[in-house]
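A short worksheet on the structure shown next.
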Amino acid sequence: MEIERQFLVSALPALPKEYETIRQGYVAFLPEIRIREINGACYTLTVKRGAGLVRDEWETEISKEEFDSLVSRLYPETCMIGKRRYRIPLADERVAELHVHEGHLTGLNYVEVEFPTTEAANAFRPPSWFGREVTENERFSYTTLAQKKAAEVVKQIMQGGKP
């Protein structure tokens, strides 16, 4: 099970020097089946069910060959998402995972924090650099953002509009 809150970030904080380079794509939406490459060396397949704050999640490592094969089978009208993931320690000993996107999502900065319980998630007070919360907003799920037309949503966000 994954318990997580997500926020948009309009002004980046000071970034650590270290980060992970991630490419991810979606093979299916219901259930959500994601493939991910981290730093060109680790490959995973993840299945998620549900939406919002609490979701079921199962993940396993796959080979580079399996990953490459699945890249050629992405869900129709979607593309790979490229991003850098920074891990930023928070005052309450939690870690914020800041995603700075590239490609069709350039300009979209997104942060998420995982929690052990829904009570801990509900009690969390985000730091001032966190922006608008989008945990329950399906427009900001990665299955939506993986779609080729998501660039228009990002453009609206960057221009201060509400998609």
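The values are calculated or read from the model by the stated rules, or taken from the named source; none is laboratory data. Note that the coordinates shown come from a computational prediction; the quantities given were computed from them, not determined experimentally. Note: ideal-geometry Cβ built from the backbone for every residue, glycine included; neighbour counts use all protein chains shown.
The table for this structure:
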| quantity | calculated |
| --- | --- |
| Some residue of the range 19-27 being small (Gly, Ala, Ser) and either touching an Asp or Glu at 6+ places or on another chain (Cβ under 9 Å) or in contact (Cβ under 8 Å) with a residue 24 or more places away in the chain (or both) | yes |
| Helices (runs of 4 or more DSSP H) completely within the range 51-163 that count 2 or more residues being surrounded by fewer than 17 Cβ atoms within 10 Å (Cβ to Cβ) | 64-71, 118-123, 150-158 |
| Filter result (part of a loop (DSSP other than H, G, I, E, B) and surrounded by 13 or more Cβ atoms within 10 Å (Cβ to Cβ)) within the range 11-28 | PRO13, TYR19 |
| Test: residue in the range 109-122 that is out of contact with any helix residue (DSSP H, G or I) (no Cβ under 6 Å at 6 or more places or on another chain), under 17 Å from GLU37 (Cβ atoms) and not polar (S, T, N, Q) | no |
| Identity of the residue in the range 113-144, more than 19 Å from TYR26 (Cα to Cα), out of contact with any Gly (no Cβ under 9 Å at 6 or more places or on another chain) and charged (D, E, K, R), that ends up modelled with the lowest pLDDT | ARG132 |
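Yes/no matrix, rows are residues, columns are (1) among the charged types (D, E, K, R); (2) touching a Leu at 6+ places or on another chain (Cβ under 8 Å); (3) closer than 25 Å to VAL154 by Cβ:
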{"position": "ARG34", "(1), (2), (3)": "yes, yes, yes"}
{"position": "LEU45", "(1), (2), (3)": "no, yes, no"}
{"position": "LYS48", "(1), (2), (3)": "yes, no, yes"}
{"position": "GLU59", "(1), (2), (3)": "yes, yes, no"}
{"position": "ARG94", "(1), (2), (3)": "yes, no, no"}
